[in-house]
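This report concerns only the one structure given below.
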Amino acid sequence: MDELHGLKNLFYLGAFQQVVNDATNPAIQPRSEVARIERRVYLARAQVAQGRPEAAVASATTGPASSSPEVRAALCLARHAAAARTADPTAARAAALADA
């Protein structure tokens, strides 16, 4: 069975705060590197869904797996959501693309 079955289920049910709680709980560590990367992606996506893209950017840019394509895609999603919330979306998007 998938290590992240419970986390994925919570995400698709819309229990985003529980996803954040479970993904940041140090007592629950996935065994494989792939599962750790997936967990970070679900954490970032849950934070974006909660309307906290800045927190998603912070969580996606720290740690050893921040250079993986999956985490970078979640980072782009978070930056896009953060840029959409600003008063001048064109300038914010240009800054987000410059960082990528």
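For the reader, a short list of remarks on this structure follows.
- With the convex hull of its Cα atoms as the shape, the chain has an orientation-averaged projected area of 6.3 nm².
- Among the trypsin sites (Lys or Arg not before Pro) in the stretch 1-72, those located in a DSSP loop and surrounded by at most 14 other Cβ atoms within 10 Å of their own Cβ are 31.
- Only protein heavy atoms count here; under a 1.4 Å probe, residue 28 has an accessible surface of about 90 Å².
- Cut-off 17 Å (backbone N to label point 7 Å along Cα→Cβ of residue 9), residues of the stretch 17-33: 17-23
- Tensor-based shape of the stretch 1-52 (alpha-carbon gyration tensor, a/c under 1.5 rounded, otherwise prolate or oblate): prolate
- Between residue 66 and residue 2, the contour length at 0.36 nm per residue exceeds the alpha carbon distance by 20.8 nm.
- Once the C-beta distance of residue 34 and residue 80 is scaled by a Förster radius of 30 Å, the resulting FRET efficiency is 0.75 to the nearest 0.05.
- Structure-based [θ]222 nm, the chain - -39500 (n - 2.57) summed over DSSP H runs of at least 4, per residue, nearest 500: -21500 deg cm²/dmol
The values are calculated or read from the model by the stated rules, or taken from the named source; none is laboratory data. Model, not experiment: these values are computed from the prediction. Because the Cβ atoms are built from the backbone with ideal geometry, glycine has one as well, and the counts that use them run over all protein chains shown. Accessible surface is based on the protein model in full, side chains and every heavy atom, while ligands, DNA and RNA are left aside. Shrake-Rupley method; radii C 1.70, N 1.55, O 1.52, S 1.80 Å.
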